[in-house]
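Each remark here refers to the structure printed beneath this line.
All of the numbers you see were taken from the coordinates with simple rules; none came from a lab. Not measured: the values here are computed from a predicted model. Cβ placement follows ideal geometry from the backbone for every residue including glycine, while neighbour counts extend to all protein chains displayed.
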Amino acid sequence: MKAACRLYLISPPRIDLAQFVPMLQAALAEREVAAFQLRLKDVEDAEILAACAVLLPIAHAADCLFILNDRPDLAAHCGADGVHIGQSDAPLKEARKLMGPEAVIGVTCHNSRHLAMQAGEAGADYVAFGAFFPSSTKDAQTQAEPDLLTWWQETMLLPCVAIGGIGIEHARALRAAGADFLAVSSGVWAHPEGPRAAVGRYCAELA
């Protein structure tokens, strides 16, 4: 029997750390979130590490994995549970060498079966497909269809993450298509009722 689909939160590309702390605490309050990815863009390494130092303990207190985007070197330095790498980031082999055998390493595979198969053969712990819908946080270069998730579930045991503009209204269909995790950013942080309510609504659709 397929395991339940779970929520994978991604930070905004820029944050005010003091303001973001209570938002993350609220989002993780019910311990429903499987993983949180810190994805900061166009900021200095020192700012990334400072954010990791504050946010990682919050994630761990909620039994949530802490994943850093793009940078296996910084992920290893701060003690993150894992790293998420894109096709233009450090190779998976290098990321594994930096972070060790127990780290969770995910790979962006866009809408490509070939890239996903390569990532799985190279030792990725999960693959991410997308974007499924237009996103306000990232300009997607590719568009993925739900049948890609179905094909992956029928072919591989490795977990897959659906990413890209996923609103609450999309959650049930992507779960049914085969997503193991839904990666969500603005759907939680910008929700009019706040992050805690947003997580509750997503999880209700995934139950």
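Give the residue, chosen from Q118, Q153, that is surrounded by fewer than 20 Cβ atoms within 10 Å (Cβ to Cβ), under 24 Å from K93 (Cα atoms) and touching a Cys at 6+ places or on another chain (Cβ under 9 Å).
Q118
Look at the range 1-11 and say how many of its residues are assigned to a loop (DSSP other than H, G, I, E, B) and under 14 Å from the mean Cα position of the chain (by Cα).
Residues that pass the stated criteria total 2.
Checking the conditions here, which among R113, R31, R14 is at positive phi, among the basic types (K, R) and more than 15 Å from the chain's Cα centre (by Cα)?
Only one candidate qualifies: R31.
Here is a check on your reading of the model: is Q143 farther than 24 Å from D16 by Cα, in contact (Cβ under 8 Å) with a residue 60 or more places away in the chain and surrounded by fewer than 18 Cβ atoms within 10 Å (Cβ to Cβ)?
In short, no.
Could you check L182 against (1) assigned to a helix (DSSP H, G or I); (2) buried (at least 21 other Cβ atoms within 10 Å of the Cβ); (3) of a type in the set (A, V, I, L, M, F, W, C) and say which number it fails?
(1)
Can you give me the number of residues within the range 155-167 that are over 16 Å from the mean Cα position of the chain (by Cα) and in contact (Cβ under 8 Å) with a residue 12 or more places away in the chain?
Residues meeting the conditions: 1.
Which number in (1) under 17 Å from S185 (Cα atoms); (2) without any contact (Cβ under 8 Å) to a residue 40 or more places away in the chain; (3) in contact with a strand residue (DSSP E or B) (Cβ under 7 Å, 6 or more places away or on another chain) marks the one condition that R14 misses?
Single failed check for R14: (3).
Of everything in the range 119-129, what is free of Cβ contacts under 8 Å to residues at least 40 places away in the same chain and either over 12 Å from M156 (Cβ atoms) or hydrophobic (A, V, I, L, M, F, W, C) (or both)? Give them in sequence order.
A119, A122, G123, A124, V127, F129
Is it the case that the range 12-22 has a residue that's closer than 22 Å to Y126 by Cβ, of a type in the set (G, A, S) and part of a helix (DSSP H, G or I)?
no
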